[in-house]
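The block underneath contains the structure these notes are about, expressed in structure tokens.
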Amino acid sequence: MKHLLSTADLSRDEAVLILDTAAQMAATQERAIKKLPTLRGRTVVNLFYEDSTRTRISFETAAKRLSADVINFSAKGSSVSKGESLKDTALTLQAMGADAVVIRHPASGAPHTLATSGWTQGAVLNAGDGTHQHPTQALLDAYTMRCHLVGDSGTAEVTGRDLAGLRVAIVGDVLHSRVARSNVDLLHTLGADVTLVAPPTLLPVGIGPWPCRVSYDLDAVIADERPDAIMMLRVQRERMSNAGGGFFPSAVEYTRRYGLDGRRMARLPDHAIVMHPGPMNRGLEISATAADSPRAVIVEQVANGVAVRMAALYLLLAQETPGSTLQEDAR
Ligand code: NCD
């Protein structure tokens, strides 16, 4: 693995290796001193062309916990606002010796372009590109599901395991969601059963070949499929040209049919977990009761993001450093 661009590129073994490595990373994060020397002397650049809170902070934390030098670059306030191209920015970063570039970009495919162009020699990690992919989000979601729903006593027990047979419902604005795409690909590879639930207007054209079921009826999916995990997607108003107009009749109507509130949540199986990638529109796709309930693992998803991104950076960067093993560094 040289880059992490899409969950569709991951084999089952690679995905399980990342999850197992994340479990090892998470164990090191229980200690008083959380820093490992693994990426000492390496440089990780966070190249963010789109707003982000948790993904950017999470990648930065992950790189720092592995002792890498971190350079944060955001398009606002840089020469990008003067019209500099991705190519020239990448060449600048290359000149500064970036070993890894973590990129978030509004254009689907930008990380792929960066990885294949030769503008940077470093590993490219996709932190979200347009409506296309967000692989580390899907990996942290799978990791969170594995912690809660596979095996019965913590992550050490489930090493080497996938998510075979788990039922996952992904609900809401699938059309604009790179989180949904990444999750469908990864969950399928890991053996889970996925149902996408959305109004027809918020499903992409050409969804037919996706390896999942599709439904327009959330109540029916909860009653008939008894999902083990329900993942609520943010309604992405910034990607809708006229603030939601045309995609659904009204916010109230959307919430009534596709929102997760306390009443719907009570109909989920007792063990089911409630997920959301954040940021949430409280009161639209998820009510405060659901978001703050003991079944919600939303804050845990954020915490797990650090361990998963440490694992991804480690597997892409440290393995090529002679003499460095996680076992030795974690001692
Ligand atoms: C997601 C994203 O940016 O794609 N958020 C995240 O990374 N935590 C989902 C979203 O913005 O709704």
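The values are calculated or read from the model by the stated rules, or taken from the named source; none is laboratory data. Nothing here was measured: the structure is a model prediction, and the numbers come from that model. In this analysis, Cβ positions are derived from the backbone assuming ideal geometry, glycine residues included, and neighbour counts consider all displayed protein chains. Side chains included, ligands, DNA and RNA excluded: accessible areas come from the protein's heavy atoms. Shrake-Rupley method; radii C 1.70, N 1.55, O 1.52, S 1.80 Å.
Computed quantities for the displayed model
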{"quantity": "Equivalent ellipsoid semi-axes, segment 274-317, via Cα gyration tensor eigenvalues times 5, rooted, Å", "calculated": "28, 10, 5"}
{"quantity": "Between segment 53-86 and segment 222-275, the Cα center-to-center distance that results, in Å", "calculated": "32 Å"}
{"quantity": "Portion, in percent, of the accessible area of the chain that falls on carbon or sulfur, probe 1.4 Å", "calculated": "52 percent"}
{"quantity": "Per-residue HN-Hα couplings for segment 2-14 [Karplus 6.51, -1.76, 1.60; θ = phi - 60°; Hz; x = Gly/Pro]", "calculated": "9, 10, 10, 9, 7, 5, 5, 7, 8, 7, 4, 5, 5"}
{"quantity": "For the chain: rounded, prolate or oblate by the Cα gyration tensor [a/c cutoff 1.5]", "calculated": "oblate"}
{"quantity": "Cβ-defined net charge surrounding ASP270, 12 Å radius [Lys, Arg +1; Asp, Glu -1]", "calculated": "+2"}
{"quantity": "For segment 222-234, 3J(HN,Hα) per residue [Karplus equation, 6.51 cos²θ - 1.76 cosθ + 1.60, θ = phi - 60°, Hz, x = Gly/Pro]", "calculated": "4, 6, 8, 9, 6, x, 7, 9, 10, 10, 8, 9, 5"}
{"quantity": "Centroid-to-centroid separation of segment 91-148 and segment 173-220 [C-alpha atoms, Å]", "calculated": "22 Å"}
{"quantity": "Nonlocal amide H pairs with LEU66, under 5 Å, H built at 1.01 Å", "calculated": "LEU36"}
{"quantity": "1.4 Å probe accessible area per residue over the chain, in Å²", "calculated": "41 Å²"}
{"quantity": "Per-residue ³J(HN,Hα) for segment 283-300, Karplus 6.51 cos²θ - 1.76 cosθ + 1.60, θ = phi - 60°, Hz, x for Gly and Pro", "calculated": "x, 9, 7, 8, 7, 4, 4, 5, 5, 9, 6, x, 6, 6, 10, 5, 6, 4"}
{"quantity": "Rounded FRET efficiency, nearest 0.05, which uses the C-beta distance separating SER117 from ASP270 and R0 of 51 Å", "calculated": "0.50"}
{"quantity": "Contour minus Cα-Cα distance for SER67 and LYS82 (0.36 nm per residue)", "calculated": "2.1 nm"}
{"quantity": "Peptides ranked, highest mean first, by Cβ atoms within 10 Å: ranges 258-269, 49-60", "calculated": "49-60, 258-269"}
